[in-house]
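**Q** Quick one: the structure is below, questions incoming.
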Amino acid sequence: MLRILDIWKTYEGKPLLTGVSFDVKEGEIVCLLGPSGSGKSTLLRIIAGLEKAESGQVYWGNDDVTGIPAHKRGFGLMFQDYALFPHLTVAENIAFGLRIAKHDKADIKRQVKHALENIHMQDFADRSVTELSGGEQQRVALARALVTNPRLLMLDEPMSALDQDLRAYLIRDLSSRLRDSKKPVIYVTHNRQEAFDLADRVLLLSEGKIHIG
Amino acid sequence: MLLFFFRPLLAIFRIVFSSRFSQEWAFFSWNQLTRPLLFSFQQAFLSTGLTLLIGLPAAYLFARYDFPARKMLRAFSLIPFILPTVVVAAAFNTLIGPRGWINLLLMQLFNLTEPPLSILNKLPAILLAHVFYNTSIVIRIVGQSLERLNPNMIEAAYVLQASPFQAWRKIALPLLMPSIAGAAMLAFLFNFTSFGVVLMLGGPGYATLEVAIYSQVFERFNLPMAGVLAIVQLTVTWLIAIVQNRVGHTGIRFGNAATANESSLRRRPERGAEKAFVITMCIFLVLLFILPLLSLAARSFVTLEAARGERGKIDTGFTFRYYAELFRNRQDSIFYASPVASIQHSLLYSFLTMIIATGIGLLTSYAIVITGKRFSRIMELLFMLPLGAGSVILGLGFLLTFNHAPWTSGRYPVILPIAHALIALPFVVRTMVPAIKSIPQNLRDAAAVMGANHWRVRREIDFPILSRALMVSLAFCFTISLGEFGASGFLANASTPTVPIAIFRYMSQPGALNYGQALAMSTLLMITCVAGSFFIEHMRLPGKTETLPSGKYLTGK
């Protein structure tokens, strides 16, 4: 499905990614494991279209999407800090992508309700996202990323903002949600345990290259 | 505080309402109230709109792009903040006035005998000066939140399929709205209460409430009417301030979620449109911020006197004469005091202001830090009140309250530095409180354990740590007192004017020499204030200080 071909990127004059290639198959959860500063997040941003690589291609099936801007790629990305919009409520956050895609009101309402039920947060619809706990924020961010039905879902260190006790519990929860979604997933983390708990396949990124884990 | 702020305020109310029964409000004229009130609103709306129109792209420019001379241009864009209004008025006079550079250039180019551009003493001149002043507010406030806007917010919108325009419209704009609204309200407040600029650049018929108060006192001698205007002005400004405060608080609702810690989103412009934007804005900002100041400085060294009998023909030449004349006391001068005397007075007043304001300010700051939260909030609010009232009203109140012995018995009006100190006090408190808070208690404890008593601790620990903040406070007092125009206009004796008052008088008198001397003094004042603010900005203070919401009073409104 997704094919990454020979990505090169320098950061502040130093080589960061030196010829990264891999692919992700349909419904597969791939974990990208690497120490901090290894360029994992940058790689995700290149795939999402938020950043340009100096060379290399991103393919979706047979389509070269390298030059396509982020908002036209149809990929979902969950940010490390979740990037929930603080001026919108929980429901409005989830509805954002649907509103952009010009769904009609009734449909948006129905889908948001469904999404909230999925994450067991029906009662939180009108809450401000700044009032939520870390775990709740994570669930809202995931719901927001999934509700637009992206072709590919990427998660950038989704556990890093949470404390240790919560992680163990949430990792199972998140894992089952990702499997239920049946979407190809790229999951970025620096935590080995997390990677092996979750992934169909673990890729190790270090010194600018992918090593099969 | 009670004596020097609330009594004068009370006096304003008293003069309005006591005359009610005796004269049946014979002094009152609707026309004299509604005209300045309407004009205040009208010009404030226009000025604020124009300010946003220029300030928002400028804020974007500084927050998002790296280009050569960025730092310098940004520093220049913040200068208007600290310039006294007389200086700004003089600067724009030298640029767009009938003998201003632009008119001279146009006359030369097209061989005209009359200055073609005549916007001085009209609304455009006022608007221009207000834009000059308040654009820096927008650049500071909006620029700061633009710089701290979490880039993930925008990118999250992108991956949710929002186009760049939609992302700005639906995410960035709402997140920036509190700061945009806050900056706009602040600019509106300053424009609404504008005094010096309107008095000097607006002609007859262009009076804001503050200017109307001034002319009621000094031209119509109608004190009760001035009192009515003052009360209306107070009501409106405090209403605006309350709304502004509310607006500011909505920003807190967003919490830290929308702010990034380290993000530097600045980059060099890449696409053609970006380059065009950066270049156009730079040229525009240079024209707006640097040209008037250069124009003032340059004009103070140049004679431009029409040769006798020949209209349009102008002798030009380089001269130091205006500066030299500052130090000469001409017997035939129609003025009460020589320029050099006014400089002496100003220095004396600012020295007294420094002593009074830092003395009281230091005690107040300690009181705020030591006492509980609630009390300190009340104290801070109390000391901010004179700021909200505006210096013209302060001047009027002082005039009504202290216009008798013993206050007037000396050669110098002792109440003038007290008024200046009242205006400078909030700045001192805002500088000192964070500094005092920044001293870790364990340093004092450590000193106490080693045998230092209370005063010894203050001297050995507090004072050395606070010395920088004290210096900054002193610099604030100095520049505020030097440039203050509103209150001084009411309180300075005819024989002991301050520098801004002297500039105002010289500017409004005919004659090239008077004009030149006013410009020379303005230039000196400008340099002093710029140096003062440079000092304030570059002293690294302990604790977090926000010198922003203040601007107006540094400008000596």
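**Q** Return the residues of the range B:159-176 that are open to solvent by less than 50 Å² (accessible area, probe 1.4 Å) and facing chain A (nearest Cβ under 7 Å); say none if nothing qualifies.
**A** B:VAL159, B:LEU160, B:ALA162, B:SER163, B:GLN166, B:ILE171, B:PRO174, B:LEU175
**Q** Sticking with this structure for a sec: Can you name the residue in the range B:216-234 that is assigned to a helix (DSSP H, G or I) and not hydrophobic (A, V, I, L, M, F, W, C) and is also farthest from B:LEU9 (Cα to Cα) among such residues?
**A** Out of the qualifying residues, it is B:GLN216.
**Q** Which numbered condition trips up A:SER160, out of (1) under 28 Å from A:VAL65 (Cβ atoms); (2) at pLDDT below 90; (3) open to solvent by 20 Å² or more (accessible area, probe 1.4 Å); (4) not in a loop (DSSP other than H, G, I, E, B)?
**A** With (1) under 28 Å from A:VAL65 (Cβ atoms); (2) at pLDDT below 90; (3) open to solvent by 20 Å² or more (accessible area, probe 1.4 Å); (4) not in a loop (DSSP other than H, G, I, E, B) applied to A:SER160, the lone miss is (4).
**Q** Can you find a residue in the range B:151-162 that is assigned by TED's automatic domain parsing to the domain that holds B:TYR65, part of a helix (DSSP H, G or I), in contact with a helix residue (DSSP H, G or I) (Cβ under 8 Å, 6 or more places away or on another chain) and farther than 29 Å from A:ALA48 by Cα?
**A** No, there is no match, as no residue in the range B:151-162 is assigned by TED's automatic domain parsing to the domain that holds B:TYR65, part of a helix (DSSP H, G or I), in contact with a helix residue (DSSP H, G or I) (Cβ under 8 Å, 6 or more places away or on another chain) and farther than 29 Å from A:ALA48 by Cα.
**Q** So, of the residues in the range B:177-215 that are aromatic (Phe, Trp, Tyr) and part of a loop (DSSP other than H, G, I, E, B), which turns out to be modelled with the lowest pLDDT?
**A** Restricting attention to the range B:177-215, the residues satisfying the condition of being aromatic (Phe, Trp, Tyr) are B:188, B:190, B:192, B:195, B:206, B:214.
In the following step, the residues that additionally are part of a loop (DSSP other than H, G, I, E, B) were identified as B:195, B:206.
Values: B:PHE195: 86, B:TYR206: 82.
Here the residue is B:TYR206.
**Q** Take B:GLU219 and tell me if it is of a type in the set (Asp, Glu) and either within 14 Å of another protein chain (Cβ to nearest Cβ) or touching a residue at least 40 places away in the same chain (Cβ under 8 Å) (or both). Explain how you work it out, then say what you get.
**A** Details: of a type in the set (Asp, Glu): yes; either within 14 Å of another protein chain (Cβ to nearest Cβ) or touching a residue at least 40 places away in the same chain (Cβ under 8 Å) (or both): no.
So B:GLU219 does not fit the description; no.
**Q** From the list A:LEU174, A:LEU204, pick out the single residue that is on the phi < 0 side of the Ramachandran plot and either open to solvent by less than 50 Å² (accessible area, probe 1.4 Å) or at pLDDT below 90 (or both).
**A** A:LEU174
**Q** From the residues in the range A:124-147 that are closer than 20 Å to A:LEU174 by Cα and among the charged types (D, E, K, R), which one is nearest to the other protein chains (Cβ to nearest Cβ)?
**A** A:ARG144
**Q** Check B:ARG299 against each of (1) at pLDDT 85 or above; (2) buried (at least 16 other Cβ atoms within 10 Å of the Cβ) and name the one condition it does not meet.
**A** So the condition that B:ARG299 fails would be (1).
The rows are residues; the columns are (1) more than 29 Å from the chain's Cα centre (by Cα); (2) not basic (Lys, Arg).
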site: B:MET432; (1), (2): no, yes
site: B:VAL449; (1), (2): yes, yes
site: B:TRP455; (1), (2): yes, yes
site: B:ARG458; (1), (2): yes, no
site: B:ALA469; (1), (2): no, yes
site: B:VAL472; (1), (2): no, yes
site: B:GLU484; (1), (2): no, yes
site: B:PRO500; (1), (2): no, yes
site: B:PRO510; (1), (2): no, yes
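**Q** Residues B:ALA89, B:ALA75: which one is surrounded by 24 or more Cβ atoms within 10 Å (Cβ to Cβ), among the small types (Gly, Ala, Ser) and over 21 Å from B:ALA181 (Cβ atoms)?
**A** Among B:ALA89, B:ALA75, only B:ALA89 is surrounded by 24 or more Cβ atoms within 10 Å (Cβ to Cβ), among the small types (Gly, Ala, Ser) and over 21 Å from B:ALA181 (Cβ atoms).
**Q** Which of the residues that make up the range A:132-146 are touching a Phe, Trp or Tyr at 6+ places or on another chain (Cβ under 9 Å) and surrounded by fewer than 21 Cβ atoms within 10 Å (Cβ to Cβ)?
**A** Across the range A:132-146, the qualifying residues are A:LEU132, A:GLY134, A:GLY135, A:GLU136.
**Q** So, one more: Might you check whether a residue that is at pLDDT below 95, open to solvent by less than 60 Å² (accessible area, probe 1.4 Å) and within 14 Å of chain B (Cβ to nearest Cβ) occurs anywhere in the range A:113-123?
**A** yes
**Q** Yes or no: A:ARG127 closer than 22 Å to A:THR189 by Cβ, open to solvent by 10 Å² or more (accessible area, probe 1.4 Å) and charged (D, E, K, R)?
**A** Spelling it out, it is not the case that A:ARG127 is closer than 22 Å to A:THR189 by Cβ, open to solvent by 10 Å² or more (accessible area, probe 1.4 Å) and charged (D, E, K, R).
**Q** Is it the case, given these coordinates, that A:ARG179 is under 26 Å from A:TYR59 (Cβ atoms) and in contact (Cβ under 8 Å) with a residue 12 or more places away in the chain?
**A** Answer is yes for this residue.
**Q** So, B:VAL232, is that one more than 28 Å from B:ALA90 (Cα to Cα), β-branched (Val, Ile, Thr), open to solvent by less than 80 Å² (accessible area, probe 1.4 Å) and at pLDDT 75 or above or not? Quick ask: steps written out before the conclusion?
**A** Details: more than 28 Å from B:ALA90 (Cα to Cα): yes; β-branched (Val, Ile, Thr): yes; open to solvent by less than 80 Å² (accessible area, probe 1.4 Å): yes; at pLDDT 75 or above: yes.
So B:VAL232 fits the description; yes.
**Q** If you go through the range B:193-210 one residue at a time, how many are among the aliphatic types (A, V, I, L, M) and open to solvent by less than 10 Å² (accessible area, probe 1.4 Å)? Steps first, please.
**A** Of the residues in the range B:193-210, the ones among the aliphatic types (A, V, I, L, M) are B:197-201, B:207, B:209.
Restricting the remaining residues to those that are open to solvent by less than 10 Å² (accessible area, probe 1.4 Å) gives B:197-198, B:201, B:209.
Of the residues in the range B:193-210, 4 are among the aliphatic types (A, V, I, L, M) and open to solvent by less than 10 Å² (accessible area, probe 1.4 Å).
**Q** While we're on this one: Answer yes or no: is there a residue in the range B:142-149 that is within 14 Å of another protein chain (Cβ to nearest Cβ) and not hydroxyl-bearing (Ser, Thr, Tyr).
**A** Checked against the condition, which is being within 14 Å of another protein chain (Cβ to nearest Cβ) and not hydroxyl-bearing (Ser, Thr, Tyr), the range B:142-149 yields at least one hit.
**Q** While we're here: Every residue in the range A:84-103 that is in contact (Cβ under 8 Å) with a residue 12 or more places away in the chain, facing chain B (nearest Cβ under 7 Å) and closer than 30 Å to A:ASP163 by Cα, please.
**A** A:LEU84, A:PHE85, A:PRO86, A:PHE96, A:GLY97
**Q** It is to be established whether one or more residues within the range B:125-148 are free of Cβ contacts under 8 Å to residues at least 24 places away in the same chain and in the same structural domain as B:SER40 (by TED's automatic domain parsing).
**A** No, that holds for no residue.
**Q** Next question. So A:ALA106 clears everything in (1) open to solvent by 10 Å² or more (accessible area, probe 1.4 Å); (2) assigned to a helix (DSSP H, G or I); (3) within 13 Å of chain B (Cβ to nearest Cβ) except one condition, right? Which one?
**A** Unmet for A:ALA106, out of (1) open to solvent by 10 Å² or more (accessible area, probe 1.4 Å); (2) assigned to a helix (DSSP H, G or I); (3) within 13 Å of chain B (Cβ to nearest Cβ): (3).
**Q** When you scan the range A:37-46, do you find a residue that is more than 22 Å from A:SER160 (Cα to Cα) and not hydroxyl-bearing (Ser, Thr, Tyr), even just one?
**A** There is no residue in the range A:37-46 that is more than 22 Å from A:SER160 (Cα to Cα) and not hydroxyl-bearing (Ser, Thr, Tyr).
The values are calculated or read from the model by the stated rules, or taken from the named source; none is laboratory data. These numbers come from a predicted model, not from an experiment. No Cβ is skipped: glycine too gets one built from the backbone with ideal geometry, and neighbour counts run over all protein chains shown. Only protein heavy atoms, including side chains, enter the accessible area calculation; ligands, DNA and RNA are left aside. Shrake-Rupley method; radii C 1.70, N 1.55, O 1.52, S 1.80 Å.
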